[in-house]
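Asks: The structure under discussion is supplied below as structure tokens; questions concerning it will follow.
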Amino acid sequence: MKRKAMYYRNEEDTTLVCELCPKYCVLTDGALGGCRARKNLGGILMATNYALATGLSLDRIEKKPLYHYYPGSRILSLGPNSCNLQCSFCQNYQISQMHAATQEISPEFLRDVIAQHCAEALQVAFTYTEPLTWYEYILDFARENPEVRIVLVTNGYINPRPLAELLPHVSAMNIDLKAMSESFYASECRGHLEPVLENIRACVAAGVHLELTFLLIPGLNDAPSELMAMRDFIAELNPELPLHVSAYHRIIR
Ligand code: SF4
């Protein structure tokens with residue numbers, strides 16, 4: 001299944017610029033975006049991994065992690081083989097940064113699987129890698145199935161307009177706040193901090209159930225000044241906002 005992508009603009013000839021996330025990839029004809037989810041085919045941007053999932057599992061919601069959202073419930077979970085950040089410490093790099101086996105799960109089939117396995121709570125988590133690079137698939141599914149609660153486990157790296165279009169369909173999110181320094185985001189993730197902070201603010205303002213996750217990496221993002229900046233940022237937004245601190249495991253690649 002392939003679908004025309006949303007949020008891009010045409011430049012001269014067949015070159016185009018993807019506007020889904022702050023990377024703004026410039027793509028000549030035939031080029032693949034930095035996330036490997038979007039490709040320029042003859043001047044049209046296509047969502048080439050539409051409905052292609054790296055995994056499909058039934059998890060406890062606490063595994064997302066969401067500790068304050070229907071605790072004890074089960075949630076169908078799946079993710080794409082793509083990501084728009086390139087974190088040096090990625091704990092999932094085999095499926096986020098490299099080609100991995102996928103299976104096609106159409107929105108209709110996904111709805112059937114949710115009904116079959118989560119009958120007591122119709123809910124689905126787009127997770128494991130970066131669901132925002134699956135934008136059209138998630139939006140199509142959400143629009144067609146408003147009775148299903150949509151959960152995103154995400155890096156929060158998306159532009160404001162596509163986020164605003166998606167948010168009314170989202171029930172809960174866990175956003176990775178990877179650090180509080182721009183230099184960390186630039187050097188370790190090849191991204192920027194401010195869009196993530198802005199999107200966290202937008203999610204809070206939209207009333208989406210939100211929890212944050214922070215992967216503490218000794219020596220890289222654990223300076224006391226940075227931890228205090230994170231505390232202050234969260235306290236200013238909502239002192240009740242849950243923050244999950246995850247343990248880092250060194251990955252030998
Ligand atoms: S979503 Fe992908 S193709 Fe689009 S700007 Fe971001 S990394 Fe590039």
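The values are calculated or read from the model by the stated rules, or taken from the named source; none is laboratory data. Here the structure is a predicted model, which means the values were calculated and not measured. Ideal geometry is used to build each Cβ from the backbone, glycine not excepted, and the neighbour counts take in all protein chains shown.
Asks: Return the residues of region 205-253 that are hydrophobic (A, V, I, L, M, F, W, C), surrounded by 14 or more Cβ atoms within 10 Å (Cβ to Cβ) and not in a strand (DSSP E or B); say none if nothing qualifies.
Replies: Within region 205-253, A206, V208, I217, L220, A223, L227, A229, M230, F233, I234, L237, L241 meet the criteria.
Asks: Among K39, K2, K23, which is the only one that is among the basic types (K, R), touching a strand residue (DSSP E or B) at 6+ places or on another chain (Cβ under 6 Å), closer than 24 Å to C189 by Cβ and in contact (Cβ under 8 Å) with a residue 12 or more places away in the chain? I'd like the intermediate steps shown before the answer.
Replies: Numbers: K2 fails: closer than 24 Å to C189 by Cβ; K23 fails: touching a strand residue (DSSP E or B) at 6+ places or on another chain (Cβ under 6 Å).
After ruling out the rest, the residue left standing is K39.
Asks: Could you list, in sequence order, all residues of region 177-197 that are assigned to a helix (DSSP H, G or I) and either among the aromatic types (F, W, Y) or at positive phi (or both)?
Replies: Here is the first cut: in region 177-197, the ones assigned to a helix (DSSP H, G or I) are 182-189, 193-197.
If the condition is that a residue be assigned to a helix (DSSP H, G or I) and either among the aromatic types (F, W, Y) or at positive phi (or both), then F184, Y185 are the ones that fit.
Asks: How about region 121-167: which of its residues are aromatic (F, W, Y) and within 12 Å of the ligand (Cβ to nearest atom)?
Replies: W134, Y135, Y157
Asks: Among S183, S246, which is the only one that is within 28 Å of I61 (Cβ to Cβ) and among the small types (G, A, S)?
Replies: Values: S183 fails: within 28 Å of I61 (Cβ to Cβ).
After ruling out the rest, the residue left standing is S246.
Asks: Right, here's the next one. Looking at region 144-160, is at least one residue at positive phi and at pLDDT 95 or above?
Replies: Initial filter on region 144-160 (at positive phi): 156.
Keeping just the survivors that are at pLDDT 95 or above gives 156.
Yes, region 144-160 has at least one match.
Asks: Do the conditions hold for N40, that is, is it of a type outside the set (A, V, I, L, M, F, W, C) and in the same structural domain as R190 (by TED's automatic domain parsing)? Don't jump to the end; show me each part of the working.
Replies: Numbers: of a type outside the set (A, V, I, L, M, F, W, C): yes; in the same structural domain as R190 (by TED's automatic domain parsing): no.
It is false that N40 is of a type outside the set (A, V, I, L, M, F, W, C) and in the same structural domain as R190 (by TED's automatic domain parsing).
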